[in-house]
1. Return the residues of the range 194-215 that are among the basic types (Lys, Arg) and surrounded by fewer than 18 Cβ atoms within 10 Å (Cβ to Cβ); say none if nothing qualifies.
2. Please go through the range 71-93 and pick out each residue that is at pLDDT below 90 and part of a helix (DSSP H, G or I).
3. Can you tell me which residue in the range 20-64 is surrounded by the most Cβ atoms within 10 Å (Cβ to Cβ), limited to those that are touching a helix residue (DSSP H, G or I) at 6+ places or on another chain (Cβ under 8 Å) and of a type in the set (Ser, Thr, Tyr)?
4. Go through the residues of the range 159-178 one by one and say whether even a single one is open to solvent by less than 70 Å² (accessible area, probe 1.4 Å) and farther than 22 Å from Leu135 by Cα.
5. Only one of (1) in a helix (DSSP H, G or I); (2) of a type in the set (Lys, Arg); (3) surrounded by fewer than 15 Cβ atoms within 10 Å (Cβ to Cβ); (4) at pLDDT 90 or above fails for Arg218. Which number is that?
6. Scan the range 34-49 and tell me whether some residue there is modelled with pLDDT of 95 or more and under 19 Å from Arg122 (Cβ atoms).
Amino acid sequence: MKQVQFRVLLVEDEELIGEMVKLNLEQEGYAVRWLTDGGSVLDTLKETPFDLVVLDVMLPVKNGFEVAETLRKSDIGTPILMLTARAESESRVLGLDSGADDYLVKPFDMNEFLARVRALIRRSQGFRELPSSRLIQVGTFSVNLDSRRAESNEGRIVLSEKETLLLELFVRSAGRSLSRAEILEEVWGMDRSPTERTVDNFVLRLRKLFEPEPENPRHFITVRAHGYRYDP
């Protein structure tokens with residue numbers, strides 16, 4: 001399984017800086033969208049989830065302080081790394097008070113910038129192992145865990161809620177053996193009707209959807225006398 005890239009929204013109107021930052025982020029494996037003014041940031045984040053906003057202060061239409069404040073008032077908690085040419089402490093305080101999570105003054109060292117990007121994303125993700133877009137690859141097929149839409153051996157499908165929860169559990173626990181009891185507790189919770197046979201049936205369904213050879217699974221592996229293991 002290959003997870004998709006973490007997504008960074010870059011908001012910078014200076015062409016040379018924007019190109020430099022975008023290039024370095026992409027070389028580090030991030031998917032980058034670049035905006036050159038502050039007017040469309042809120043709508044962009046409402047339409048598409050991102051893992052980090054890299055936000056310049058001096059922007060057309062709406063400055064970075066206003067953008068950050070608007071995002072926080074709209075309950076958008078995406079981490080914000082604010083960039084500015086202003087070195088005064090008052091500007092740094094204003095940036096943090098407006099909702100930024102970190103602050104970097106231009107000109108900055110690119111290695112330090114990338115380190116702060118990694119730290120902010122890592123901190124915001126916590127123990128999550130999936131990026132915000134929640135897109136994953138199972139073999140050659142893509143799955144969106146939010147919409148439950150997937151490519152599969154049966155073509156384009158919509159997974160059931162339990163199928164999605166089970167797949168998400170396997171992805172989070174990749175390489176670790178899960179007992180049927182663990183799977184039942186995590187996916188079905190207090191629902192008393194499912195049995196361990198239910199788990200077997202759901203795993204068979206995932207194999208049918210995503211394995212190149214369902215009878216000879218590569219990803220959803222049976223652990224004898226225990227349960228199952230997901231191997232990316």
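1. Across the range 194-215, the qualifying residues are Arg197, Arg205, Lys208.
2. Correct list: Arg72, Lys73, Ser89, Glu90, Ser91, Arg92, Val93.
3. Tyr30
4. Within the range 159-178, the first condition is being open to solvent by less than 70 Å² (accessible area, probe 1.4 Å), and the residues that meet it are 159-160, 162-171, 173-175, 177-178.
Keeping just the survivors that are farther than 22 Å from Leu135 by Cα gives 177-178.
So far as the range 159-178 goes, yes, one or more of its residues are open to solvent by less than 70 Å² (accessible area, probe 1.4 Å) and farther than 22 Å from Leu135 by Cα.
5. All conditions pass for Arg218, except number (1).
6. No.
The values are calculated or read from the model by the stated rules, or taken from the named source; none is laboratory data. The shown structure was predicted, so the numbers you read here are calculated from the model rather than taken from an experiment. Methodologically, a virtual Cβ is constructed for each residue, glycine included, from the backbone with ideal geometry; neighbour enumeration extends over all protein chains shown. Side chains are part of the model used for accessible areas, which takes the heavy atoms of the whole protein and leaves out ligands, DNA and RNA. Shrake-Rupley method; radii C 1.70, N 1.55, O 1.52, S 1.80 Å.
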